[in-house]
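Below: one structure, written as structure tokens.
The values are calculated or read from the model by the stated rules, or taken from the named source; none is laboratory data. This is a predicted model, so every value here is computed, not measured. We place every Cβ from the backbone using ideal geometry, glycine too, and count neighbours over all the protein chains shown.
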Amino acid sequence: MKPPSEKPRGKRKDQPAYPPLAPHEVELTDFFVRMGAILGVQRSVAEIYSLLYASPKALDFDHIQGRLDMSQGSVSQGLKFLRDHGMILSIKEKGTKRERWEPTPSLAASLVNILRSQVLPTLEKSKPSLQKVLDSASARSADPEVIERIARLQRWNSRAVELSALLLPPPVDE
């Protein structure tokens, strides 16, 4: 997939021209897209976060859409995801209705929110299904090596859930 700076720039007649991403913005976008993929975050969400992170000032919806050449739906869903996970802040300037967005001050807190909302629930939900897989393999007298691999996977998953409680700071009550 082409980085946003290399996408064809299909513009509406009434849409202002936005500059393509600068080289450092392209590299930062690539970094956030790769890190987001590890955490199960959609590419468009990572691209939006990267643009906001690299911007010295808060950006409005149209600016985000224009710079990244994304559909309104993708920008809207991306901003909602980022806002819901505490990764961006909404800024409204006096005398204007236009909402602008900027990253929260703490990248670490943003990462913790993603881990807590994306990775940890997946690990927790996997515990019963891994037990079923192990029980089924044992009941069907699967090869002992396969049973041992599944048991190791189950232990790894359980330890990951236990460690997350130790490694992640407690959730902030709102």
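One table, with the values for the structure above:
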read-out	value
Conditions (1) in a loop (DSSP other than H, G, I, E, B); (2) buried (at least 16 other Cβ atoms within 10 Å of the Cβ); (3) more than 16 Å from the chain's Cα centre (by Cα): number failed by residue 105	(2)
Residues of region 55-76 satisfying the condition of being assigned to a helix (DSSP H, G or I), surrounded by fewer than 17 Cβ atoms within 10 Å (Cβ to Cβ) and not acidic (Asp, Glu)	61, 72, 73, 76
Filter pass, residue 44 being surrounded by fewer than 20 Cβ atoms within 10 Å (Cβ to Cβ), of a type outside the set (D, E, K, R) and within 19 Å of residue 104 (Cα to Cα)	no
Selection within region 129-174 - surrounded by 10 or more Cβ atoms within 10 Å (Cβ to Cβ), under 30 Å from residue 109 (Cα atoms) and among the β-branched types (Val, Ile, Thr)	161
Failed item, numbered, when residue 83 is tested on (1) touching a residue at least 24 places away in the same chain (Cβ under 8 Å); (2) assigned by TED's automatic domain parsing to the domain that holds residue 16; (3) among the basic types (Lys, Arg); (4) more than 25 Å from residue 22 (Cβ to Cβ)	(1)
